[in-house]
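See below for the structure under consideration.
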Amino acid sequence: MKSELELRGVQQRFHARGVEGGYITAVDDVSFTLAASPPQVVSLVGQSGSGKSTIARNVLGLQKPTAGSVLYGGKDIFKLSRAEYDEYRRDVQPVFQDPYAIFNPFYRVDRALWKAVKKFGLASTRATGLELIEESLRAVRLEPENVLGRYPHQLSGGQRQRIMLARVHMLRPSFIIADEPVSMLDAQVRKHFLDILLDFQREHGMTTLFITHDLSTVYYLGGEVMVITKGSIVERGPVSTVMHEPSHPYTKLLLDSIPQPDPDARWTTRINVDELDEEEKTDAPATAPETPVI
Amino acid sequence: MRLLTAVLRTIRHSRRLAVGLIILGLMVLLAVFSPLIVHAIGGGSDPIEVAAYEKWLVPGPDHLLGTDQYGRDVFAMVVSAMSVSLQIGAIAGVISTVAGVIVAFVAGYKGGWIDGVLSTFTGILLVIPTFPLLIALSAYAKNVSLFQVGVMISIFSWPFAAKTIRSQVLSLRSRPYVDLARVSKARDLEIIVTELLPNLLPFIGVGFASSALGAIFGLVGLEVIGLGPGGVIDLGQIIFNAISTGALTLGAWPMFVVPIVLLTLLFAALNMINIGLEEVYNPRLRGVAGE
């Protein structure tokens with residue numbers, strides 16, 4: 001297992017009509033490194049359209065960046081040899097955002113797990129494969145008999161998302177690229193999911209790139225946080241530092257947008273956000289974000 | 001196998017699908033056994049030969065649907081003509097569906113300039129007025145075989161299938177489950193066949209049915225105005241004979257009515273099957289427990 005995943009000057013442009021220059025820049029000169037040891041959780045925070053999902057697609061090799069490179073073990077992931085590619089594929093695995101679209105509606109959910117078993121040669125016989133699947137399902141606190149043999153539409157969003165975690169559990173990658181995995185789950189399922197992710201970090205040494213727009217989950221996960229806006233990373237540091245001493249105005253805005261579970265705090269929070277918006281309008285720095293829709 | 005049991009289960013639940021399949025099945029059976037039926041009617045000699053019997057016999061026990069202006073047995077003619085019509089439908093349907101599906105998947109999945117070239121090409125074929133061109137083609141193609149007629153017709157019918165399926169591929173290829181297949185080391189062809197194709201079966205089915213029907217009716221249209229290729233007798237040619245000889249005024253109504261009824265039944269049957277199969281293809285419409 002290679003120990004490092006590195007983005008070097010990654011830039012991603014998309015053709016777009018009616019835009020100046022004929023393209024939009026989703027990711028602009030992003031560089032960062034994820035280390036497999038010690039296992040850590042690195043959160044990537046930003047608003048919709050800031051380029052965070054595009055970074056996930058770049059890292060997963062689903063989208064070739066227009067400039068710069070994604071390096072796995074020091075080598076460009078689009079120039080790997082057959083054996084290196086196989087290793088990279090197994091070692092860098094995703095959890096996607098939408099638990100409703102992640103399963104092909106035509107097949108039972110088992111297929112996603114069996115595919116992983118077969119494609120990555122995890123088991124030589126059907127019996128050991130099934131054993132592995134059941135073990136992984138239990139690891140994410142699912143009862144195999146409740147999910148195996150079901151169609152995706154018969155399971156809840158939380159169950160489906162945990163099947164994806166079971167898939168990750170089977171593959172034991174060094175890196176999990178989790179693209180907004182909890183944004184479509186409800187509150188207690190979300191905590192459940194995050195706890196499993198932390199278990200994976202502790203027990204199996206997996207490093208997670210956790211992409212989200214929700215700072216409260218970042219708080220909960222801890223580790224490091226990177227703040228991205230308009231395709232550029234503007235701040236990186238330990239969660240506690242960034243949260244308490246934000247250096248970039250966008251990070252401040254994000255922090256003020258966390259709803260407080262306190263009825264008395266509501267009024268002041270709203271005023272704060274409005275004031276910050278006013279501030280942004282008057283002396284906006286070059287990288288100031290667009291006013292978020294509230 | 002799983003699909004087969006699902007189909008069988010749906011047939012039990014969907015009366016529409018069952019009726020459509022029964023009608024189509026009967027027609028196919030009739031077509032398959034048409035040489036035997038024709039032979040039985042002729043009783044040793046060929047009942048479709050010119051002057052096999054007397055002209056313009058009215059329907060009766062010897063000739064269920066009477067005879068035509070050349071003294072041919074209409075029932076025997078209808079049976080073999082239906083076999084011809086179904087074959088044309090099957091040939092043109094298969095060719096245009098296969099061509100349409102391949103073009104649609106290559107264009108939709110690969111995208112970029114490949115998509116541009118293929119889409120422009122299908123677009124050009126789509127706007128060519130098919131029927132006048134078929135008339136012109138058939139003027140040059142006397143005594144062509146059934147297969148050649150099928151190919152001729154399918155040249156113009158595959159773009160319809162290609163267009164609709166391509167748009168579906170475009171929407172499906174960016175689904176997360178395709179991404180999941182890619183990070184599971186699935187190759188492009190594997191993704192197309194196992195992830196995309198099953199979800200597009202309804203569209204492919206509709207594409208097949210509409211090009212098959214289009215081909216059958218295209219040939220009927222040509223024959224009815226007397227411009228059909230010489231080598232084949234299909235249902236349209238019988239209708240043409242009935243119109244041009246004024247068969248209705250001579251009491252030989254089956255020559256006119258029977259082919260039309262058969263064509264209508266065929267149309268209805270294929271449509272009922274399409275609607276019924278939709279329930280099989282779409283797992284959300286299957287039983288809640290999954291089995």
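The values are calculated or read from the model by the stated rules, or taken from the named source; none is laboratory data. Everything quoted here is computed from the prediction, not taken from an experiment. All Cβ positions, glycine included, derive from the backbone under ideal geometry; neighbour counts span all protein chains shown. Only protein heavy atoms, including side chains, enter the accessible area calculation; ligands, DNA and RNA are left aside. Shrake-Rupley method; radii C 1.70, N 1.55, O 1.52, S 1.80 Å.
Only protein heavy atoms count here; under a 1.4 Å probe, A:Lys191 has an accessible surface of about 100 Å².
Accessible-area loss of 40 Å² or more (1.4 Å probe, protein heavy atoms, chain alone versus all protein chains) is found in the stretch A:79-124 for A:Arg89, A:Phe96, A:Ala101, A:Ile102, A:Asn104, A:Pro105, A:Phe106, A:Tyr107, A:Arg108, A:Lys115, A:Lys119.
Could you compute the net charge surrounding B:Phe105? Neighbours are other residues with a C-beta less than 10 Å from the C-beta of B:Phe105; K and R count +1, D and E count -1. Net charge around B:Phe105: +2. Surface listing: B:His39, B:His13, B:His63, A:His213 arranged by accessible area from highest to lowest gives B:His13, B:His39, A:His213, B:His63, probe 1.4 Å.
The spacing between the stretch A:220-239 and the stretch A:140-168, judged by their C-alpha centroids, is 31 Å.
When the alpha-carbon atoms of the protein assembly as shown are used, the pair Rg, Dmax equals 32.5, 106 angstrom. Mean projection of the Cα convex hull over all viewing directions, computed for the stretch A:4-282: 17.3 nm². For chain A, find the longest principal axis of its Cα atoms and tell me its angle to the long axis of helix A:82-91, 0 to 90°, nearest 10. Orientation of helix A:82-91: about 70 degrees from the principal axis.
I'd like the antiparallel share, as a percent to the nearest 5, of DSSP beta bridges with both residues in the protein assembly as shown. Spell out each step's value before the answer.
Numbers: 23 of 41 bridges.
DSSP beta bridges in the protein assembly as shown are roughly 55 percent antiparallel.
Count, for each residue of B:179-189, the Cβ atoms from other chains sitting within 10 Å of its Cβ, then give me the mean as a whole number.
Numbers: counts 10, 12, 4, 5, 14, 11, 9, 2, 0, 0, 0.
So the per-residue partner count for this stretch is 6.
Heavy atoms only, probe 1.4 Å: what % of the accessible area of chain B goes to carbon and sulfur, would you let me know? The value for chain B is 70 percent carbon and sulfur by accessible area. One decimal place: the segment B:Ile260-B:Asp46 gains 74.6 nm when fully extended, by the rule 0.36 nm per residue minus the C-alpha distance.
When the surface is traced with a 1.4 Å probe over the full set of protein chains, B:Leu250 keeps roughly 90 Å² accessible.
Cα centroids of the stretch B:216-254 and the stretch A:1-21: 64 Å apart. Computed in the context of the full set of protein chains, the accessible area of chain A at 1.4 Å probe radius has 50% of its extent on carbon or sulfur. Rounding to the nearest 10 and keeping the result within 0 to 90°, find how far the Cα-based axis of helix A:187-204 lies from the longest principal axis of chain A. That helix lies at roughly 60 degrees to the long axis.
Only protein heavy atoms count here, probed at 1.4 Å, and on that basis chains B and A bury about 2600 Å² of accessible area in total. Excluding ligands, DNA and RNA, the accessible surface per residue across the stretch A:65-144 is 45 Å² with a 1.4 Å probe. For chain A, the longest principal axis of the Cα atoms and the long axis of helix A:110-119 meet at an angle of about 80 degrees.
Average partner chain C-beta neighbours within 10 Å, per residue of B:167-178?
Values: counts 0, 0, 0, 0, 0, 1, 0, 1, 6, 12, 11, 3.
What the average comes to for B:167-178 is 3.
Only helices at least 30 Å long along their axis, Cα-based, and averaging -1.0 or more on Kyte-Doolittle count here, so list those DSSP H runs from chain B. Show your work: numbers first, answer last.
Details: long enough: B:74-110 (52 Å, 1.82); B:146-173 (37 Å, 0.88); B:197-224 (39 Å, 1.59); B:254-281 (40 Å, 1.66).
Answer set is B:74-110, B:146-173, B:197-224, B:254-281.
With 20 Å as the limit, the listed pairs A:Lys118/B:Lys185; A:Lys119/B:Lys110; A:Lys230/A:Lys252; A:Lys52/A:Lys230; A:Lys115/B:Lys185; A:Lys64/B:Lys110 have A:Lys119/B:Lys110 beyond it between alpha carbons.
In Å², and per residue, what accessible area does the stretch B:2-285 have when probed at 1.4 Å with the other protein chains present? Spell out each step's value before the answer.
Values: 13270 Å² over 284 residues.
Per-residue value: 47 Å².
Our note on the geometry: Cα centres of the stretch A:46-71 and the stretch B:175-193, 19 Å apart.
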